[in-house]
Structure formats: structure tokens, C-alpha cells
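Below you'll find the structure, written out as C-alpha cells, and then a few comments.
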Amino acid sequence: MRPKPKPKAKPRPKPRTPKAAGPPDLREVVTRLEAYHGRPEPPITRDPFAAAVLESVAYLVDDDRRQRVFERLRDAVGITPEALLAVPEDELARLIAGGGMLPAHRAAKVQKAAAIAADVGLDELRRQAAAGTSARLLRRFPGIGEPGADRLMLLAHGKRTLAPDSNALRVLVRLGFGAESEDYTAMYRSTAAAVEPQLPNDFGWLVRAHQLLRRHGQEVCKRSAPRCEVCPLTRLCAWYAGHARVR
């Protein structure tokens, strides 16, 4: 009786190369942030000129104080190019004195913004911002760079973007969107490109996402001492995963 042949050993499956972890789902990120911080109030203005003035009236102060200074100026003078150019610069500096240091310098910036808007025309400025084509024009305003121009077009519902400031940008990069770099412009652009495929056609959502990411960077995901122990995003965060392994 012939012995039964031994069954052939099954070939071992080749080990799979793990896929690189991609960035998290942006909607989940924003949902978690809204549950943690609460739903943000709508911005004080969507108008590109008023938003540029809001940027200039204060320096190195928190958002609430900046808004109070803006509201005082709005109530006393009005936020139009003609009204702001008609006010003597020293009087303008007095009206915005509560906005931090260098009030005379800030007053000059407000009047420069007013002069640019008067030259271009508010209707044209608003048309371009709402069309998402005003980046070069908006960058003529004092203190407005590429992120600021994106933010003003976002507020005008003209450009699908998160327009992250430095605080929001830090949160996004730590989550795995974009590449950290000493070149701020390169980091900003790589992050904008990384989030773009997940951006909805919903400007209300985009504005809230912008606000929530900024607040989270200010209060929780701080540059030198992030408060990971209270952060609602640790499960989604590439930076936290890397640092947790070395603790």
C-alpha cells in the first residue's frame, strides 16, 4: 500500500506593505471641535472692506477686544472709505486707542485701507471678493497677505478655503494636512492643497470650520505647550500619535 502523499504546504502570503496613514476626515474634525468649543457666532462682518478695517484697528489683542474697538469706530464714524478719510488722523487714533499699542500707526493703516477702497470702489471690491478673484487687490491693504486675502474672500463667499491663520494652520499640520516647513508660505500652500479635496460647497460650514480651527489653536493646540490631555482630536492626530509613542 502506497503511502499517501503529504499535502503541499500553502505558500505564505506576502506581507502587505501598510498604507501610509492619510489625513483624517475633515468633517469629523470640525464636528468634534464644535462639540468641544460650541457653535461659533457669525463673523461681525462679511464685507471685504470692513474686514480689512477690522484687521487694522487693533494689534496684538484678543478677538473680543478687537471687535469692541471696531464697533466703537463703526458707531462713531461709520465704516466707509469716505467717512474714515474725513476724520483727522489724531481723532481716529483716539477712537481706536483701545486696540493696543501704536494707535497712530493703526490709524494711518485704517486711512490707507480707506484710500485704496475709495480708489478701487466698494462695488468693484465686493464684486471681485465674491467672485474669488480679488487676491491681488486685497493684498494691497495693510496687513493683508495671502492668508488674509483668502480669509476675506472666504467671508465674502467667493473662495472655497479654510484660510487658516497661524493657529489654525498649526492644528491642520499636526493632524496630517500638509507638510511642516520653516517656509511659512510653503507650509500654508501645502496645507491648503491637502484640505482642498475635502472642502464642501457650503460657505457657512467653511467659515465655522475656519473659526473653530483658529480657536482650537489659540486655546488647546498651542505651539509650545499643547493641551493634548483635553483635546477632542487626539484619536485623529498624527502629531499626537508620534509623540505618544515616545513618552
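The values are calculated or read from the model by the stated rules, or taken from the named source; none is laboratory data. From a predicted model like this one, the values you see are computed outputs, not experimental measurements. FYI the Cβ positions are ideal-geometry reconstructions off the backbone, even for glycines, and counts take in every protein chain you see.
Odds and ends about this structure:
- Entry remark, the stretch 113-136: residues being in contact with a helix residue (DSSP H, G or I) (Cβ under 9 Å, 6 or more places away or on another chain), of a type outside the set (G, A, S) and loosely packed, with under 15 Cβ neighbours inside 10 Å number 4 in total.
- The stretch 117-127: number of residues that are without any contact (Cβ under 8 Å) to a residue 24 or more places away in the chain, farther than 24 Å from E91 by Cβ and assigned to a helix (DSSP H, G or I): 4
- Residues that are more than 25 Å from the chain's Cα centre (by Cα) and surrounded by fewer than 17 Cβ atoms within 10 Å (Cβ to Cβ) do occur in the stretch 51-74, at least one of them.
- Given (1) out of contact with any Ser or Thr (no Cβ under 6 Å at 6 or more places or on another chain); (2) part of a loop (DSSP other than H, G, I, E, B), index of the condition P142 fails: (1)
- Selection count, the stretch 26-41, where residues are touching a residue at least 60 places away in the same chain (Cβ under 8 Å) and surrounded by 12 or more Cβ atoms within 10 Å (Cβ to Cβ): 11
- Selection count, the stretch 76-94, where residues are surrounded by fewer than 20 Cβ atoms within 10 Å (Cβ to Cβ), in contact (Cβ under 8 Å) with a residue 24 or more places away in the chain and closer than 15 Å to A108 by Cβ: 1
- Look at (1) assigned to a loop (DSSP other than H, G, I, E, B); (2) modelled with pLDDT of 95 or more; (3) more than 17 Å from the chain's Cα centre (by Cα) and you find that G22 fails only one, number (2).
- The C-beta contact set for the stretch 131-158 (first residue at positive phi, second residue of a type in the set (K, R), distance under 9 angstrom, 6+ apart or interchain) comprises G132/K159; G132/R160; G143/K109; H157/R46.
- In the stretch 145-168, residue farthest from L54 (Cα to Cα) [restricted to those that are outside any loop (DSSP other than H, G, I, E, B), small (G, A, S) and not assigned by TED's automatic domain parsing to the domain that holds R215]: A149
- Test set (1) assigned to a helix (DSSP H, G or I); (2) free of Cβ contacts under 8 Å to residues at least 60 places away in the same chain; (3) closer than 17 Å to A51 by Cβ - A114 fails condition number: (2)
- Search result, residues across the stretch 40-82 that are of a type in the set (D, E, K, R) and farther than 25 Å from A131 by Cα: D62, D63, D64, R65, R66, R68, E71, R72, R74, D75
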